[in-house]
Every structure is written in structure tokens, then in C-alpha cells.
1. Step by step: first the residues of the range A:46-62, then only those that are outside any loop (DSSP other than H, G, I, E, B) and more than 10 Å from chain B (Cβ to nearest Cβ), then the one that is farthest from residue A:182 (Cα to Cα). Which residue is that?
2. Answer yes or no: is there a residue in the range A:69-85 that is crowded, with 24+ Cβ neighbours inside 10 Å and in contact with a Cys (Cβ under 8 Å, 6 or more places away or on another chain).
3. So which residues in the range A:146-160 are of a type outside the set (A, V, I, L, M), under 11 Å from residue A:184 (Cα atoms) and not in a strand (DSSP E or B), if there are any at all?
4. Within the range B:140-172, can you find the residues that are surrounded by fewer than 24 Cβ atoms within 10 Å (Cβ to Cβ) and among the hydrophobic types (A, V, I, L, M, F, W, C)?
5. Filter the range B:377-411 down to the residues that are in a helix (DSSP H, G or I) and modelled with pLDDT under 85, then identify the one that is farthest from residue B:458 (Cα to Cα).
6. All but one of (1) more than 28 Å from residue B:183 (Cα to Cα); (2) among the hydroxyl-bearing types (Ser, Thr, Tyr); (3) in contact with a Gly (Cβ under 7 Å, 6 or more places away or on another chain) hold for residue B:88; which doesn't?
7. Would you confirm whether any residue within the range A:148-170 is within 12 Å of another protein chain (Cβ to nearest Cβ) and either β-branched (Val, Ile, Thr) or in contact with a helix residue (DSSP H, G or I) (Cβ under 8 Å, 6 or more places away or on another chain) (or both)?
Amino acid sequence: MIEIKNLVKTFDGFRALDGASVTVPKGSVYGLVGPNGAGKTTLLRHLTGVYRQDSGSVLIDGEPVWEDPAVKARMASIPDEWYYFMQASVRDMMKYYRGFYPAFNGERYEKLKSVFELSETQPIRRMSKGMQKQAAFWLAMCCMPEYLILDEPVDGLDPVMRRQVWGLVMQDVSERGMTVLVSSHNLRELEDVCDHVGIMNRGRVLLERSLSELQDNTVKMQIVFSGEPPRLASGEAEGFTVLHESAVGRVHTIILRGAQREIEQRLAAYQPVFMEAVPLTLEEIFIYELGGADYAVKDIIL
Amino acid sequence: MRSRTSFFNQTVFWDDCKRYWPLTAGYALLWLLLLPLSRLTELIHGGGALRNPYAMRYETLGVAVYGGYIVAFLFGIAFAAATLQYLTNPRATNGLHALPARRETLYATHWLSGLCCQLAAQLLALLLTAATLGAYGLFDAGEACLMLLGMALPTVFFYSFGAFCMVFTGQILAAPVFYGVASVLVVGVELLLRYFAGNFLYGWSNSGDPLTGVLSPLYPLLAGDVGVRYRYVTAADGSVLTSLRQGAMIEGLGLLFAYAAAGLVFAALGLLVYRSRPSEATGSTVAIDWAKPVFKYGVTFCMALSLGQLLYSLFLGQYRADGDASLAGTLVCMAAAGLLGYFAAEMLLKKSFRVWSSGWKGAAVVTALLVILGCAMSADLTGYEGYVPDPAQVESVRVDFYLHSSGKTGTSAFTSDAETIRLAVAAHRALASDKQRQIALDRGADGYYTPADSDPRAVNGTFFVEYRLRDGRTVTRQYDRVTLFADELPDPASPAAALNAFYNAPSVALRRALGFNWYDDSENDPREIPDLRFTGGYVTTEHYDGEFYERSDQYDLSPAEAQQLFDAIVRDVAAGRVNDSIFGGDVSMDGWIELYASYPDPNGRAPGGAARPDADENGRVSVSYDPQLTAGMSDTIAVLRGMGVEPAFPAP
């Protein structure tokens with residue numbers, strides 16, 4: 001299990017992490033989402049032992065990550081900018097990784113050749129961004145990590161390769177119980193693979209829940225009232241936590257926090273002509289949760 | 001459970017060796033050119049090498065030692081930059097620090113790989129050199145070991161120092177700058193401080209080697225503290241000591257070992273810094289938080305001292321005497337240069353040009369400190385200018401007194417004679433108390449002309465004095481462009497009278513009479529040299545017929561005649577018959593007298609001790625005297641006449 005508690009990191013007076021806490025259950029796929037500058041990459045760099053925290057703790061299975069090769073050997077990471085040596089080929093980097101990761105699997109490396117179809121001897125710097133990402137996945141998966149840390153992992157990959165890569169990752173999750181912590185802005189994709197989600201903003205984790213909990217706790221209702229609609233967002237109708245409200249004609253779309261059944265029962269008291277609960281996407285949850293944290297989509301007229 | 005700390009990772013080591021092979025190959029090629037190939041060329045084409053094997057071995061060791069020092073300096077930072085370059089690239093830093101290895105492992109392995117690459121190349125060059133020399137029967141295992149030491153010890157130091165610089169900064173371009181500046185920084189600051197003191201302190205002496213030379217690793221090579229010399233062994237055969245040339249050895253080998261040890265300390269410090277160095281510091285000019293103010297104020301101080309003083313001397317101080325610098329002018333120049341350095345350092349640290357608002361407080365502090373420093377120096381708070389030691393405290397004194405405008409060249413002294421010390425102290429005191437007038441005279445001289453240039457009763461000179469006190473301290477003072485007036489001779493407290501009295505002190509006059517105008521270590525008072533034996537000499541006289549000089553035949557002196565002549569000179573000086581003065585006096589004889597003598601090598605008296613390089617095979621050191629005969633030296637003239645030599649003197 002990954003446990004990050006009250007993590008604080010300051011860069012030249014700027015508090016990049018302000019008491020962030022994350023708990024990633026073993027065997028889960030945890031999506032870390034948040035606006036640009038929220039502190040996701042900084043948090044992941046603490047988790048991979050690159051940065052040392054000002055305060056707080058970063059633990060994997062109860063052991064601090066910082067300067068513990070035994071813990072780090074159980075973890076592989078693909079950062080947003082994967083590093084390779086200037087002249088190195090995939091084969092050179094494979095040898096380098098093999099020297100660090102005791103569990104490095106040469107057999108898997110050979111098997112994955114057919115998946116990635118990259119030249120083993122071509123300098124990596126001459127590969128496209130997507131091919132470099134493939135190389136990073138190839139090597140990371142051969143390290144047989146118990147924990148895989150991914151920062152914008154499929155950025156640059158084509159749709160086929162994205163599916164291929166996620167297939168490999170999910171296979172390891174299901175077969176070996178690998179734990180994945182992934183940071184991405186591609187919420188649609190995260191929705192497909194993640195079972196847990198954490199939303200970060202301004203160096204803090206605003207909420208973290210399993211995806212089903214998250215979706216159960218936020219409801220999107222499309223509703224048509226018979227007369228004058230109640231002003232739910234203004235507080236006239238007490239007891240509702242409205243994240244967003246909009247109307248097209250008489251059709252009102254209201255996103256509320258709470259259990260779907262309870263909200264439906266309470267809205268029924270207004271005797272609507274039509275009422276339906278619509279599935280909420282992760283993107284909508286992200287947008288409307290952050291809207292409450294002063295990070296809303298602004299209506300801009302140019 | 002935490003894993004054990006390891007300082008070595010095989011993968012990193014071999015990867016470094018493979019990845020940086022072009023650098024290692026270039027380094028090895030340079031050494032192959034410097035050593036085996038140059039030796040082979042010398043042996044094939046230079047027959048003299050075989051006739052003089054010691055010279056060949058001396059030269060080979062010289063290449064290893066001098067070359068080793070310079071190559072180590074140049075390649076030290078290059079190898080450090082190669083193996084630790086990932087610390088200057090954020091992507092690389094993050095990539096490598098995410099790997100399952102401790103910081104200690106990464107640093108120590110990278111450091112070791114760079115060192116091993118250099119040592120392997122040196123070993124290869126050495127083996128080939130040994131084979132080359134061995135083929136001609138010139139191989140000496142001991143000297144081969146010395147060569148290896150001469151190459152390897154500076155390498156350990158400079159490479160480790162380079163590694164420290166790499167860890168210290170997060171910018172690849174800043175590392176060689178730090179490295180180069182730090183290699184001469186301490187001695188440079190000392191020299192700048194000396195210059196600064198000289199601007200304000202009357203009598204300031206810049207003599208003597210820098211005290212901090214050893215703290216600037218390039219300095220020992222430039223100063224000759226590290227090098228090569230022939231190795232002599234003094235053997236005792238009964239009462240006869242013999243010095244034999246046994247080959248070559250490294251001068252300053254102990255210093256090289258000390259530097260190598262310091263290198264290991266730097267390597268260890270680098271490790272400590274690396275451990276505390278945050279990964280996010282990559283890209284910063286200074287990667288360590290505590291070092292940032294040191295860097296900022298260090299740059300400020302150095303800029304104020306260097307550029308500030310340069311500006312002052314270029315625009316304001318060219319025609320100022322020592323100790324007479326304009327305080328306001330110096331402070332303005334130094335504050336301007338210091339502030340320039342301060343804001344430049346602030347920009348580098350903040351990575352921004354907008355540093356005024358955040359840096360003005362520090363700038364104000366810097367300016368205030370520079371003003372205080374300048375005022376303190378100008379006010380002579382330490383009492384430097386007025387200090388004159390009590391003659392009773394002085395163990396020995398050395399004086400160099402140059403005269404620039406009286407037809408005399410001056411005189412020197414190095415003696416523990418109490419009377420001479422008393423006279424030297426009196427001369428020093430007279431000059432120190434004449435500060436205001438001397439500075440006014442010099443100021444009026446407009447930089448070039450002094451009153452002595454237009455006034456025949458005045459002379460101009462430089463007086464340098466160095467006291468060795470009984471408590472072990474050394475005190476030095478130097479007064480440049482001193483103007484002395486003959487009219488003041490009757491006043492015993494005047495500088496003219498005090499300096500003239502010193503000039504005519506018996507031990508000083510004897511040195512001058514024997515032709516020692518300037519100080520030299522070998523030119524001790526001949527009366528104090530044990531077992532001084534005269535070996536000969538010659539006399540050549542000239543007669544001026546009003547139009548041409550006619551030179552007589554050379555009269556060669558036997559050892560006994562040389563001794564006789566020397567004794568006569570000593571008697572004349574003791575009797576005060578030299579009749580000399582800084583303002584004139586008797587003129588010297590036309591012609592030359594040369595006396596040759598030798599004495600036992602003071603360094604080689606103990607069998608097996610290191611002999612002086614100029615000692616002969618009998619362990620004796622030669623010395624020659626060039627007596628200056630004046631018309632009043634009646635005993636000496638009588639001795640010469642007894643030998644049939646008639647000295648002639650020019651008309652006064």
C-alpha cells in the first residue's frame with residue numbers, strides 16, 4: 001500500500017505541496033487528477049524518491065521510500081519526461097535497468113519485442129516521442145514492479161498502442177497484484193482503468209475515493225418542473241448541495257452531491273413533470289468538484 | 001527493513017567507462033604522446049640522451065610531474081563534468097535518482113569510474129614508457145614509481161576537486177568557472193588584499209611569498225614548489241664528504257601527497273554535499289542553500305577588491321604614492337564594483353534580471369561594509385604605519401636600500417650584528433615619522449619627477465627592511481620613492497642622516513666593499529662563514545689617459561694573495577677608510593677585482609643528507625667577491641702595490 005501523509009514541499013518560498021495525503025490500496029489502480037500546477041508531478045517525484053519532503057511521510061508498505069533502494073527496487077516509474085542516455089539504445093538502457101532491478105525479467109523483455117516493435121539498437125533520441133514512451137513502458141514492465149508510478153503515461157501514444165499498453169498494465173494488475181498510481185489529464189481514459197481517484201488542487205488532495213463511491217456520491221439530474229422551478233442553488237431549498245445548475249428551456253440539469261435515491265425522493269416533493277438521473281463522467285466530477293474549489297470553467301467572451 | 005549502504009554499483013561503473021570512452025581515449029592519447037612517444041623520439045634521434053642517462057631520466061620525470069600537474073588540472077574538471085553531468089540536467093537528475101540506488105552509491109561509483117579511467121590511461125602510458133626506456137637500458141623502477149606518483153597524486157586532487165565543484169553547482173557551465181576561479185582564489189584574494197593595504201598604509205611591504213599559496217592548487221606549480229630536481233646523496237669517506245648525482249626526484253612530493261589527501265577530503269565533502277543536495281537544485285548556479293549567501297557576498301567582495309581597485313588605479317590612482325590613496329575615490333570604485341558583483345550574483349541565484357527590489361537591502365549592507373573596511377584601513381587602526389620594533393627584540397635584519405639618483409646603486413644588509421640592527425631601526429623610525437612630508441614630496445613629484453631629479457643635493461631611493469624578531473615574528477616595511485636631502489645630514493634624526501649612518505655601518509660597508517649590493521642567500525658575511533677558503537682570483541686595472549681607457553694585463557691571484565687582499569679590505573672597512581656616502585663619497589677604482597672562495601655545503605654536512613644542488617663533488621659551495629676599491633682604502637692599495645698592481649681612480 002502507498003501511504004502519503006501530510007506531504008509538504010516548498011520551492012523558493014512557493015508551497016507546491018501543502019499537506020497532501022494519498023492512500024493507494026494494494027492492487028488498485030489509482031488515478032491522480034488535478035489542474036495544471038496542482039502538485040501531481042511533485043507528489044509523484046516524492047513517491048519515486050527523487051524529491052525529499054519538507055515534512056510528512058511517503059511510505060510503501062510502511063517503509064519510507066527516501067534513500068531505500070530495497071523499496072525503490074519494487075517500484076518502476078515512467079515520468080512525464082523519461083530519461084535515457086544520449087547515445088543509448090533500448091538494449092543499452094535494458095542493460096542499465098537490469099543492473100538496478102533484481103527482478104528484471106529478460107524473458108519478458110524478449111517477449112515484449114513483438115509488442116513494441118522498436119529497434120533495439122537505434123539510439124532512443126532518434127525515436128519519436130511516442131516510440132520513446134513505448135520504450136519506457138517496455139523497460140518498466142520488464143522490471144516486474146510491485147508498484148508502477150505513471151505520470152502522463154500514454155501522452156504521445158497512438159490509440160492502438162494506448163490500448164495495448166493499458167492491456168499490459170491491467171494484466172499485471174490482475175495477475176501479479178501490481179499497484180498503479182497514474183497521473184493524467186485524460187479523464188476519459190482514467191475512468192476506464194482506475195478503481196480509485198484522487199483530486200488534487202493547490203498542493204492538497206481535495207478528495208479521494210473509489211470511483212464507484214465517487215460516482216455514487218454525485219448525481220446529475222435532468223428535471224422539468226411543472227411551475228416555477230425551485231431555486232436549489234440559492235439555498236431557498238435547504239438540504240441540497242448543488243455543484244452545478246443550468247437550464248435549456250424548461251429542462252434543468254442539476255448536479256448535486258449526495259446519494260441518488262435520497263436526492264430523487266427529495267426532488268419528487270417538487271412534483272416535477274419529468275425527472276431522470278444521468279450517469280456522471282469523471283470529467284464532470286473533476287470539473288464540478290474543482291468548481292467549488294475556485295477552479296471553474298470561466299465564460300469568456302472575446 | 002532498510003537496505004545496507006553500498007558505495008559501488010557495477011552497472012554504473014562499467015556504463016561510465018563505456019559511455020565516456022572518447023574522453024578516456026583522448027586522455028590516454030595525450031599521455032602516450034607526452035611520455036612513451038616523446039621518449040622514443042628522443043632516444044632514436046637524440047644521441048645525447050644515451051650519453052647522459054641522468055638528464056634523460058630527469059627530463060622524463062619532469063614530463064610526468066609538470067605534465068601530470070597541468071593535465072590533471074585540465075582533465076580533472078572534464079572527467080568530473082562527464083561522470084556527474086547528470087546533476088546539471090533536471091531530466092537526468094530525476095531519472096537517475098528514481099533508480100533503486102542510494103545517493104552515496106551513485107556519487108561514489110561515478111567518482112571512482114572517472115578516477116579509474118584516468119589512472120588506467122596513466123598506467124598504460126607508464127608501462128609503455130618503462131618498456132621504451134628499458135629497451136635502452138634506462139629503466140629505473142624507483143623513478144617509474146615517482147612518475148606514477150607525479151601523475152596520479154595531482155589527478156586525485158584535481159579530479160576530486162572537480163567532482164566537488166560539480167556537486168556544488170547545478171549548471172554545467174558554472175562548474176568549470178568555479179573550478180578555475182577556486183584554483184587561484186585564495187592567493188588571488190591575498191594579493192588583492194595586499195594591494196588594497198598598500199593603497200592606504202605608508203610603508204606597506206608586499207615582499208615575501210603569499211602566505212596562502214598552498215591553498216590555491218595552481219600556485220605551487222607556478223611558484224616552483226612542485227617540480228623535479230636532481231637527487232644527490234652525500235657520502236662520507238673518512239673526513240671527506242662527497243655529493244653524488246643519483247638521478248632525479250620530485251620537488252614537493254610531500255605537497256603532492258598533501259594535495260591528494262585534500263582531494264580525498266574534497267571527494268568526501270562532495271559526498272556529504274551530494275547527500276544534502278536537493279534534486280530540484282539542478283539548474284541552479286549554486287545548488288546548496290547555505291552556500292548561496294557565501295557565493296553572493298564572496299562574489300561581491302572579490303569584485304570590489306579586483307574590479308574596484310582596477311577601476312581606481314586606472315582612473316584615479318595612477319599618480320598617487322603608496323599609502324596616499326584617495327579614500328573617497330577608492331570607496332566609490334570598490335562600492336560600484338562590489339554592487340555590480342552583488343547584483344550579478346543575485347541574478348544568477350534568482351535566475352532573473354529583476355533583483356533590485358529583493359536585493360537592495362543586501363546591497364546597502366555590502367556598501368556599508370566596504371565603506372567601513374576602507375575607513376578602517378585608511379585610519380590605520382592596527383597602528384601598522386607607526387610600528388617600529390625595539391632593537392632589543394630584533395634577532396636579525398635584512399635591508400635592501402636602493403638609490404636611484406646619486407650615481408650610487410645602494411646597499412644591502414643581512415645581519416644579526418647589534419649595531420647594524422640599531423642603525424636599521426633608526427633609519428626605519430626616521431622614515432616612518434617623516435610620512436607626511438614624504439607623501440607630500442611624492443605627490444608633488446607628479447608620478448615621474450622627484451625633487452632629486454632637479455636638486456643635486458637630493459637623492460631618491462627605496463628602503464626595504466625585514467626584521468626577524470626574537471619571538472619568531474617577521475616584520476617587513478617598504479618605503480618607495482623616498483627623497484633625502486644632503487642639507488639635513490647634520491640633523492641625526494633626519495631620514496638623510498639615519499639612512500646615511502646605516503649605509504656606513506661597518507657590516508654594511510663591508511658587504512658593499514666586497515661587491516654585494518643586493519641580498520642573496522649565499523652572500524652571508526664572509527667573516528661568519530666557517531672554513532671559508534680562498535681559491536684564487538684576478539685583478540684588472542684601467543688607466544684613463546683623458547681620452548681612452550687603457551686596460552692592464554690581468555693579474556691572477558694565488559689563493560694566498562686572494563686571502564691577503566680580503567684581509568686588507570676587512571681592515572680598511574673596520575678602520576672606516578671606505579669614505580662612502582649616499583650623497584657621494586670616494587669613487588671606485590677603474591677596473592675589476594675578483595676573489596674566489598669556497599666553503600662546506602651547510603646542507604650536506606650530515607652523511608646521507610640532501611646536498612645543495614650547487615655543491616661540488618667535494619661537498620663545497622663556491623662563492624665569488626667583487627670588491628669595490630676606493631682611494632681611501634690604504635691597506636688594500638698597499639697589498640695590491642706589493643703584488644705589482646697599481647690601481648687607478650677616476651678624477652672625483
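The values are calculated or read from the model by the stated rules, or taken from the named source; none is laboratory data. Remember, predicted model here, so these are calculated numbers, not experimental data. Because the Cβ atoms are built from the backbone with ideal geometry, glycine has one as well, and the counts that use them run over all protein chains shown.
1. Kept after step one, since they are outside any loop (DSSP other than H, G, I, E, B), are these residues of the range A:46-62: A:46-47, A:55-60.
After this cut, where a residue has to be more than 10 Å from chain B (Cβ to nearest Cβ) as well, the list is A:46, A:55-60.
Values: A:46: 14, A:55: 23, A:56: 21, A:57: 19, A:58: 16, A:59: 17, A:60: 16 Å.
Looking at residues that are outside any loop (DSSP other than H, G, I, E, B) and more than 10 Å from chain B (Cβ to nearest Cβ), I get A:55.
2. Yes: the range A:69-85 contains one or more residues that are crowded, with 24+ Cβ neighbours inside 10 Å and in contact with a Cys (Cβ under 8 Å, 6 or more places away or on another chain).
3. Start the filter on the range A:146-160 by keeping residues that are of a type outside the set (A, V, I, L, M), which leaves A:146-147, A:151-153, A:155-156, A:158-159.
Okay, now just the ones that are also under 11 Å from residue A:184 (Cα atoms), so A:151-153, A:155.
Scanning the range A:146-160 gives A:152, A:153, A:155.
4. Once the filter is applied, which keeps residues that are surrounded by fewer than 24 Cβ atoms within 10 Å (Cβ to Cβ) and among the hydrophobic types (A, V, I, L, M, F, W, C), the range B:140-172 yields B:141, B:144, B:145, B:146, B:148, B:149, B:152, B:172.
5. Keep residues of the range B:377-411 that are in a helix (DSSP H, G or I), which gives B:377-378, B:391-393.
Retained after the next criterion (residues that are modelled with pLDDT under 85): B:377-378.
Numbers: B:377: 32, B:378: 30 Å.
That would be B:377.
6. The one condition residue B:88 does not meet is (1).
7. Pass one, the range A:148-170, residues within 12 Å of another protein chain (Cβ to nearest Cβ): A:149, A:151.
Restricting the remaining residues to those that are either β-branched (Val, Ile, Thr) or in contact with a helix residue (DSSP H, G or I) (Cβ under 8 Å, 6 or more places away or on another chain) (or both) gives A:149, A:151.
Yes, the conditions are met somewhere in the range A:148-170.
Quick grid of which residues meet (1) surrounded by fewer than 20 Cβ atoms within 10 Å (Cβ to Cβ); (2) farther than 29 Å from residue B:206 by Cβ; (3) small (Gly, Ala, Ser):
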site	(1), (2), (3)
B:340	yes, no, no
B:346	no, yes, no
B:354	yes, yes, no
B:375	yes, no, no
B:391	yes, no, no
